[in-house]
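Asker: Quick one: structure below, then a few questions.
The values are calculated or read from the model by the stated rules, or taken from the named source; none is laboratory data. It should be emphasised that the depicted structure is a prediction, and the values quoted were computed from it without experimental measurement. Here Cβ is always computed from backbone atoms with ideal geometry, including for glycine, and neighbour counts include all displayed protein chains. Quick note on the areas: whole protein, heavy atoms, side chains included, nothing else; ligands and nucleic acids left out. Shrake-Rupley method; radii C 1.70, N 1.55, O 1.52, S 1.80 Å.
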Amino acid sequence: MKRLLALLVVLVACGVVFARNIGYIRTRPPRLSLGAAYPLAVQALGKATNEFHCTDASLQLALSPDGEWLFTFWNTTGTRKFVTVEFGGKTHVEDIVIR
């Protein structure tokens, strides 16, 4: 009985963890268009827009249950910035340096 309960707990925990990694449903139109999200991403970069260029934009479900746009920006020194724009307009910027 204890093994069954432990297995059930593990399965539920795995389901909760991996549920957020399900991709955005591509047949559902995003609430925020790409054209409206990109200026918000550029604004979130601030002065760094002079150094970085956008190389990728995609939809994901990581921060918001409705989904968000993920923009990838690079500069020539190997620094990458991820800018996430939630469909409600909230932005997040994350720096990653590749060496």
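Asker: Excluding ASP66 itself, calculate the net charge of residues whose Cβ lies under 12 Å from the Cβ of ASP66, where each Lys or Arg counts +1 and each Asp or Glu counts -1.
Answerer: Working: positive: ARG28, ARG31, LYS90; negative: GLU68, GLU86.
Once positives and negatives cancel, what remains is +1.
Asker: Using packing as a proxy for protection, rank 23-29, 57-63, 90-96 so that the peptide with the highest average count of other Cβ atoms within 10 Å comes first. Could the numbers behind the result be given before it?
Answerer: Details: 23-29: 9.7, 57-63: 15.0, 90-96: 12.9.
Sorting 23-29, 57-63, 90-96 by mean packing, highest first, produces 57-63, 90-96, 23-29.
Asker: Taking K and R as +1 and D and E as -1, what net charge do the other residues with C-beta under 15 Å from the C-beta of VAL83 add up to?
Answerer: For residues surrounding VAL83, the net value is -2.
Asker: If you take every residue apart from HIS92 with its C-beta less than 11 Å away from the C-beta of HIS92, what net charge results, scoring Lys and Arg +1 and Asp and Glu -1?
Answerer: Net charge in that neighbourhood comes out at -1.
Asker: Per residue, how many Å² of accessible area does the stretch 40-95 show with a 1.4 Å probe?
Answerer: 52 Å²
Asker: Percent of accessible area on the stretch 23-67 owned by carbon and sulfur, 1.4 Å probe?
Answerer: Within the stretch 23-67, the accessible surface is 56 percent carbon and sulfur.
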